[in-house]
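A.B. asks: Would you mind keeping the following structure in view while I ask a few things?
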Amino acid sequence: MEIYKDLSSAASKEFEKLLNSKLSKSQIEEGKIIEGKVNKITDKYVFLFCEGLKSEPVLDINELKTMGLSEKIKVGETIPVLLEKIEDKNGDVLVSASKAQKIKGWETLVTSYEKNEPVMGKITGRVKGGAIVQHVDTGTLMFLPGSQISSSPLKNIDHLINEVQKFAIIKLDRVRGNICCSRREIIDAGKKQDKAELIKKYPVGTIIKNAKVKNLSSFGCFFSVNDELDVLVHTSELSYSRVNHPDELFSIGDAVDLKVISVDEEKLQVGCSVKQLSQDPFEHIENYEVNKKYKVKIVKLMDFGAFAELEPGLITLLHSSECSWTKKNVSVKKMFKVGDEINIIIQEIDKDKRRIAVSYRLTQENPFETFEKNYPVGKIVDGEIVSKNEYSLFVKVGNLDVDAFLHCNDLTYLNNSEEELSKYKKGDKVKVKVLEIKTAEQKIRVGLKQTQVDPFDWFKDKKVNQTITVKIISTDNKGLVVRPEGCEM
């Protein structure tokens, strides 16, 4: 072996120059991804040639099978690997193809995330809280939250598994190496683009025919337009009259004409109005007078009353308390139906509050006034018991739809009032005397004992300290119970 001691010779300097230039080109460092050329393939290993390394790195064939590359790799082809160690304790070079793929995939996804670009992936299976998505190009795994799978909840996603589709990267943690993606954002982005084109068909001023009521809320009413667009009509735009809740005017499924009054191209929202299709009736409210009768049309029935239309756009509430003179908890749904035309009397007009108070019962004869005319106080009349409670009877007099109140204390002069009450039942005929009529309060009181002779009248011609003859009725430890001779008391 020949040893060169003279390093100053021209040959030595030329060799040094070539060596330095070669090393400068192939900078080998641990932790970097390098290209390896396939030299040999066996049943268990793949041998690589990497420029600048002193020995051939070896890959386990099972690693390539896991990556799905075992069938694709051929002698002479190159494959990226991560240089983990230039020399281990056995003097071998350690490299990894799967780690190189993961690092390259991460860099690709970071670039897509920074540029806000979608990536191609496929759902490989479900996990708690969502699903796992594999990046098609690099095989990198990403987490897909359940809320980001679709715009609407999906009970089953089997039809989406292993289907290549677009995903948006919504979160990327460089420290932990975690990536969250979204399929929903891709779907919504497509919908937004479609909706942006759709709302151009409905500029401000457009009249929409037969929009269907889709949903009702406290702040407005949602309508479906031609089954392609949902629009909102705020409560203030439903009617010129005061509206507390849209269900006072509409029910789900009703068909209503609308006018487009606003278009928000950024939020992709279309605002509409119902009332602007007609003239504001409160501008000529002077045409209506208080205490005058008008005909209205029933447009909506509620538990507390009915909504009636005086004219298109002018709707007023007929409260259940103004429907009957005698029934306090009257059901307007049994009295009227939608579309009925009835007479009402306007009780109040408040232009500032845009409110009209009306009454139906004022158009009917007041049965309490009629009772007072036909059966004044002091008159004895025939009646029929229509109901009974623990302390009184209710008596119907004549054909009037009113019940007179008969307290048990007004049944008898002699017996116990509660015992006397038990003798009567519904349907019994009685002769009573009208004791009191309060028309304003809708109260009538009658008495039964007042139609009989008052036994106390026996004492009218008697004086204090006068001696009378009595009959002993009963005795007890408290004293005697007696009845004067000739008296029923």
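The values are calculated or read from the model by the stated rules, or taken from the named source; none is laboratory data. The structure presented is a predicted model; accordingly, all values stated were derived computationally and were not measured. So basically every Cβ, Gly included, is an ideal-geometry build from the backbone, and we count neighbours across all protein chains shown. Protein only, heavy atoms only, side chains kept; ligands, DNA and RNA dropped before computing areas. Shrake-Rupley method; radii C 1.70, N 1.55, O 1.52, S 1.80 Å.
A.B. asks: Could you say which residue among 223, 282 is open to solvent by less than 20 Å² (accessible area, probe 1.4 Å), aromatic (Phe, Trp, Tyr) and closer than 30 Å to residue 346 by Cβ?
C.D. replies: Going through 223, 282 in turn, the sole match is 282.
A.B. asks: If you go through region 386-411 one residue at a time, how many are among the aliphatic types (A, V, I, L, M) and surrounded by fewer than 19 Cβ atoms within 10 Å (Cβ to Cβ)?
C.D. replies: Of the residues in that region, 2 qualify.
A.B. asks: Further, regarding this structure: What number of residues in region 383-396 are in contact (Cβ under 8 Å) with a residue 40 or more places away in the chain and either among the aliphatic types (A, V, I, L, M) or in a loop (DSSP other than H, G, I, E, B) (or both)?
C.D. replies: Looking only at that region, the number is 3.
A.B. asks: Which members of region 137-151 meet the condition of being assigned to a strand (DSSP E or B), crowded, with 18+ Cβ neighbours inside 10 Å and under 30 Å from the mean Cα position of the chain (by Cα)?
C.D. replies: 144
A.B. asks: Filter region 101-119 for residues that are in contact with a Gly (Cβ under 9 Å, 6 or more places away or on another chain) and open to solvent by less than 40 Å² (accessible area, probe 1.4 Å) and give the result.
C.D. replies: Passing the criteria: only 105.
A.B. asks: Continuing with the same structure: With the checklist (1) open to solvent by less than 50 Å² (accessible area, probe 1.4 Å); (2) without any contact (Cβ under 8 Å) to a residue 40 or more places away in the chain; (3) under 21 Å from residue 314 (Cα atoms); (4) not charged (D, E, K, R) in hand, flag the one item residue 244 doesn't pass.
C.D. replies: Of the numbered conditions (1) open to solvent by less than 50 Å² (accessible area, probe 1.4 Å); (2) without any contact (Cβ under 8 Å) to a residue 40 or more places away in the chain; (3) under 21 Å from residue 314 (Cα atoms); (4) not charged (D, E, K, R), the odd one out for residue 244 is (1).
A.B. asks: Mind checking which residues of region 324-346 are open to solvent by 90 Å² or more (accessible area, probe 1.4 Å), among the charged types (D, E, K, R) and not in a strand (DSSP E or B)?
C.D. replies: Within region 324-346, 327, 328, 333, 334, 337 qualify.
A.B. asks: Right, another one. Failed condition for residue 134, given (1) in contact with a helix residue (DSSP H, G or I) (Cβ under 9 Å, 6 or more places away or on another chain); (2) assigned to a strand (DSSP E or B); (3) free of Cβ contacts under 8 Å to residues at least 40 places away in the same chain, with all others met?
C.D. replies: With respect to (1) in contact with a helix residue (DSSP H, G or I) (Cβ under 9 Å, 6 or more places away or on another chain); (2) assigned to a strand (DSSP E or B); (3) free of Cβ contacts under 8 Å to residues at least 40 places away in the same chain, residue 134 is out only on (1).
A.B. asks: Please work out which one of (1) under 32 Å from the mean Cα position of the chain (by Cα); (2) of a type outside the set (Ser, Thr, Tyr); (3) open to solvent by less than 30 Å² (accessible area, probe 1.4 Å) is the condition residue 368 fails and give its number.
C.D. replies: Only one criterion is unmet by residue 368, namely (1).
A.B. asks: Answer yes or no: is there a residue in region 264-274 that is under 30 Å from residue 335 (Cβ atoms), in a loop (DSSP other than H, G, I, E, B) and at pLDDT 85 or above.
C.D. replies: Yes, region 264-274 has at least one match.
A.B. asks: Which of the residues spanning region 303-323 are part of a loop (DSSP other than H, G, I, E, B) and free of Cβ contacts under 8 Å to residues at least 40 places away in the same chain?
C.D. replies: Passing the criteria: 303, 304, 312, 323.
A.B. asks: Ok, one more. Name the residues in region 60-100 that are under 16 Å from residue 42 (Cα atoms), open to solvent by 50 Å² or more (accessible area, probe 1.4 Å) and of a type in the set (D, E, K, R), would you?
C.D. replies: 60, 65, 71, 72, 74, 77
A.B. asks: Still on this model: Give just the number: which of (1) under 30 Å from residue 183 (Cβ atoms); (2) at pLDDT below 80 does residue 125 not satisfy?
C.D. replies: Status for residue 125: all satisfied but (2).
A.B. asks: Of the residues 154, 160, 198, 232, only one is surrounded by 15 or more Cβ atoms within 10 Å (Cβ to Cβ) and closer than 19 Å to residue 124 by Cα; which?
C.D. replies: 160
A.B. asks: Restrict the check to region 42-51 and report whether at least one residue is of a type in the set (A, V, I, L, M) and either modelled with pLDDT under 80 or more than 11 Å from residue 95 (Cβ to Cβ) (or both).
C.D. replies: No: zero hits.
A.B. asks: Now for a different question. Among the candidates 437, 380, 342, single out the residue that is in contact (Cβ under 8 Å) with a residue 40 or more places away in the chain and under 30 Å from residue 299 (Cα atoms).
C.D. replies: Just a single option satisfies the conditions, and that option is 342.
A.B. asks: Only one residue in 155, 74, 171, 166 is modelled with pLDDT of 80 or more, farther than 30 Å from residue 36 by Cβ, in a loop (DSSP other than H, G, I, E, B) and not small (Gly, Ala, Ser), so which one is that?
C.D. replies: On inspection, the qualifying residue turns out to be 155.
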